[in-house]
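Okay, structure first, notes after.
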Amino acid sequence: MKKFDAIVIGMGPAGMAISAMGSALGLNILGIEERKVGGECLNCGCIPSKALLKAGEANKIAQNLQKYGIKSTFSSTAKEALSVVREKVGRINGKKMMKAFEKVALVLNEGYAEFIDQYTLKVGDEKYYARKIFIATGTEPFIPPIPGAKTLSDEVKLTNLNLFDQKEIPEKLIIIGGGAIGSEMAQAFSRLGSTVNLMQMDPYLIPTGDEEAGRVLEEKFKSEGIGVYNSTNIQKLEEKDGMVYAYTDKGTFEGNKILIATGRKPYIEKLKLENAGVKFDKKGITVDSYLRTNIKHIYAVGDCNGHALLSHAAMHQGMIALMNAINPLPIKMKREKYYVPWSVFTDPEVAQVGLTEKEADAKGLKYTIVKKNYASYGRAVADGKPEGFVKVLTNRMGKIYGVTIVGESASEMIHEWIIAIQKNISLFDIMMTQHAFPTLSMMNKMVAEDWMMQKLESPLLHKIVKFFI
């Protein structure tokens, strides 16, 4: 039996963070990965989807050069788009990335890990022992119980696991699910030539976020010819003569392929957690604020614990868990202390941190809304990107409860608000921070200025100012 200071099961974002940091600290780390280093994020998730979105964006710009006053004759086909995506992923997932794990003992592509007891794991016929164990196995696609879904062949049924292995852009694509994956891929494939119809049970796109932002994105989709069918009951899926059909209460839809993007489920069944006495449920492995399971030397980080199904959250949890595991003091780091933002990389982008209106209402908070439209700012108009807004939920003292941004570069602009909420920085502080003009981030300052201008309209304040002047 081989012994280590720590074993990391799963080498996605969370597992990579623990392994790289742990080995840098001098720990003898074993990393076990059933598939590929990088997990789904690098190989069939975040990174390839952004590459495909960029290809769609390039094609869209080239087809609409007249909007910039440029005359051209142009035609395009996207036959090589997916192969270029795979080439880029291969380039990233190469020797340079693996260099970070030179000091990590790796067990790759030799099977899945399963617990024998609380300190011992088995992969194949080999056993491994460690005093600390970190589970970072992530999630896998959830296939909803729609009649016919399970009988579809892999030739027509797509999830993120096989989406980027396709040889061609499908002529007709059906997408079930209006979350991040469904929305991003709807726009990417549409811009690369597919006729796309997206349907979902939820009432608006990106249903975990702000409804108004979802409506802005929906209008953009419809303007680009993407069919969006919200609050739709999907009655049956059927494969016939090489095509797939979705029968719904909004009609019947035909596609060469169907992408099922209806959420995720924890990838933990093979671990045999019961052998270690680790508690779990259908949402994932149960952890406390310090990311420990009920077995205190076993941690579960990232998507497999069900708390934030986001790559950056997984990396952050990995870092916190390792710090807690090596910290001998009773005071440890709590995951709840750190706000988790999210972004959807459509055009326009959608980003969120803190509370939405619905969440604030559920908490019974008294708040006001300050909103700045992109169309009111010269830079956004000059860029030809007037869709969207910055929306802040605040109180009369400028405390920030939550921020939604929909628009160009929303995923970059949101970071200022993460720090503001986490460090209790007010709208007044944002207003008094100089922002470079004419960056899009200037809109963060402008929405804070609008908040202050509303306060300056007080009749009492006018009397006080006139007295002193």
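Please treat every number below as a calculation from the coordinates, not as lab data. Just so we're clear, the structure is a prediction, and the values are computed from it rather than from any experiment. With ideal geometry, Cβ positions are generated from the backbone for all residues, glycine too; neighbour counts draw on all protein chains shown.
Which pairs break 26 Å Cα to Cα here: LYS71/LYS167; LYS358/LYS463; LYS150/LYS257?
Listed pairs above 26 Å: LYS71/LYS167; LYS358/LYS463.
Cβ neighbours within 10 Å, averaged per peptide: list 317-326, 68-77 in order, most packed at the top.
317-326, 68-77
Counting Lys and Arg as +1 and Asp and Glu as -1, each charge on the Cβ, what is the dipole of segment 157-263 about the Cα centre in debye, to the nearest 20?
Working: 11 positive and 16 negative charges, 44 e Å.
So the magnitude is around 220 debye.
Would you mind ranking THR293, THR120, THR286, THR137 by Cβ crowding within 10 Å, fewest neighbours first?
Values: THR293 22, THR120 18, THR286 15, THR137 30.
Neighbour counts put them in this order, fewest first: THR286, THR120, THR293, THR137.
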With unit charges on the beta carbon (Lys/Arg positive, Asp/Glu negative), name the residue among GLY364, MET443, GLY407 whose Cα is farthest towards the positive pole of the charge dipole of segment 348-459. GLY364
Read-out Rg and Dmax of the Cα atoms in Å, candidates [x] 20.8, 68; [y] 24.5, 86; [z] 23.9, 74; calculated match is [y]
Residue separation between GLU254 and LEU461 times 0.36 nm, minus their alpha-carbon distance, gives in nm 68.2 nm
Taking the Cα centre of the chain as the origin, how large is its charge dipole in debye, to the nearest 20, when only Lys and Arg (+1) and Asp and Glu (-1) carry charge on their Cβ atoms? 1260
Expected sort for 301-312, 24-35 on mean C-beta neighbours within 10 Å, highest first, is 301-312, 24-35
HN-Hα couplings for segment 138-154 via Karplus (6.51, -1.76, 1.60; θ = phi - 60°), in whole Hz with x for Gly/Pro, come out as x, 10, 9, x, 9, 9, x, x, 7, x, x, 5, 6, 8, 5, 6, 5
Compute the label zone of PHE428 within segment 438-453: residues whose backbone N is under 19 Å from the point 7 Å along Cα-to-Cβ. 445-453
With the cut-off at 26 Å, tell me which of the pairs LYS122/LYS157; LYS332/LYS423; LYS132/LYS283 have Cα atoms farther apart than that. LYS122/LYS157
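Any of LYS279/LYS334; LYS36/LYS240; LYS337/LYS391 with alpha carbons more than 25 Å apart? Name them for me.
Details: LYS279/LYS334 20 Å; LYS36/LYS240 34 Å; LYS337/LYS391 23 Å.
From LYS279/LYS334; LYS36/LYS240; LYS337/LYS391, over 25 Å: LYS36/LYS240.
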When the Cα centres of segment 351-419 and segment 429-458 are compared, how far apart do they sit, in Å? 12
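Can you tell me the order of 339-352, 185-198, 80-93 when each peptide is scored by its average per-residue count of other Cβ atoms within 10 angstrom, highest first? The partial results should precede the final answer.
Numbers: 339-352: 21.3, 185-198: 24.4, 80-93: 15.6.
Sorting 339-352, 185-198, 80-93 by mean packing, highest first, produces 185-198, 339-352, 80-93.
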